[in-house]
1. What pairs can you find where one residue is in the stretch 54-81 and without any contact (Cβ under 8 Å) to a residue 40 or more places away in the chain and on the phi < 0 side of the Ramachandran plot, the other is assigned to a loop (DSSP other than H, G, I, E, B) and open to solvent by 60 Å² or more (accessible area, probe 1.4 Å), and their Cβ atoms are less than 6 Å apart, with a gap of 6+ or different chains?
2. Go through the chain and tell me which helices (runs of 4 or more DSSP H), entirely inside it, have 2 or more residues that are out of contact with any strand residue (DSSP E or B) (no Cβ under 8 Å at 6 or more places or on another chain), modelled with pLDDT under 70 and open to solvent by 40 Å² or more (accessible area, probe 1.4 Å).
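The values are calculated or read from the model by the stated rules, or taken from the named source; none is laboratory data. These numbers come from a predicted model, not from an experiment. Neighbour counts are summed over all protein chains in view; Cβ atoms, including those assigned to glycine, are modelled from backbone coordinates with ideal geometry. Just so you know, the surface numbers come from the protein's heavy atoms only, side chains and all, with ligands and any DNA or RNA stripped out. Shrake-Rupley method; radii C 1.70, N 1.55, O 1.52, S 1.80 Å.
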Amino acid sequence: MCVLTAVSGRQAVHRRVHDHHHPHPFPFAHHAHITGAFTYLVLCLSTAAAALLIGGLARYVADARRERYTEGARSATHTLVSTARLFAVPVLVLAGLAGLAYLVGSNR
């Protein structure tokens, strides 16, 4: 979703920049709301941030209370947190870039 939002935002910004002689009748913010890009942007940002926060909390709890969890449970927690981080960090970066494109495009 975040990649689609970033591509759609990049295309809209590209059109806005290169169409000086034939400007679009609607501003970029209006285009983003019509296509639903803003909803995807908020969804990507909140999901990625929640995955990073919950993953960090799970790793902290597993490390802080070693006597409650087996080595297998701690290892599984670390593996799941690493996998979540692997996906969440790029999504968070792309959503941030899409948000930046949204802000830049809506101020024109």
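1. 62/69
2. Once the helices (runs of 4 or more DSSP H) in the chain are filtered for at least 2 residues that are out of contact with any strand residue (DSSP E or B) (no Cβ under 8 Å at 6 or more places or on another chain), modelled with pLDDT under 70 and open to solvent by 40 Å² or more (accessible area, probe 1.4 Å), what remains is 2-18, 28-35.
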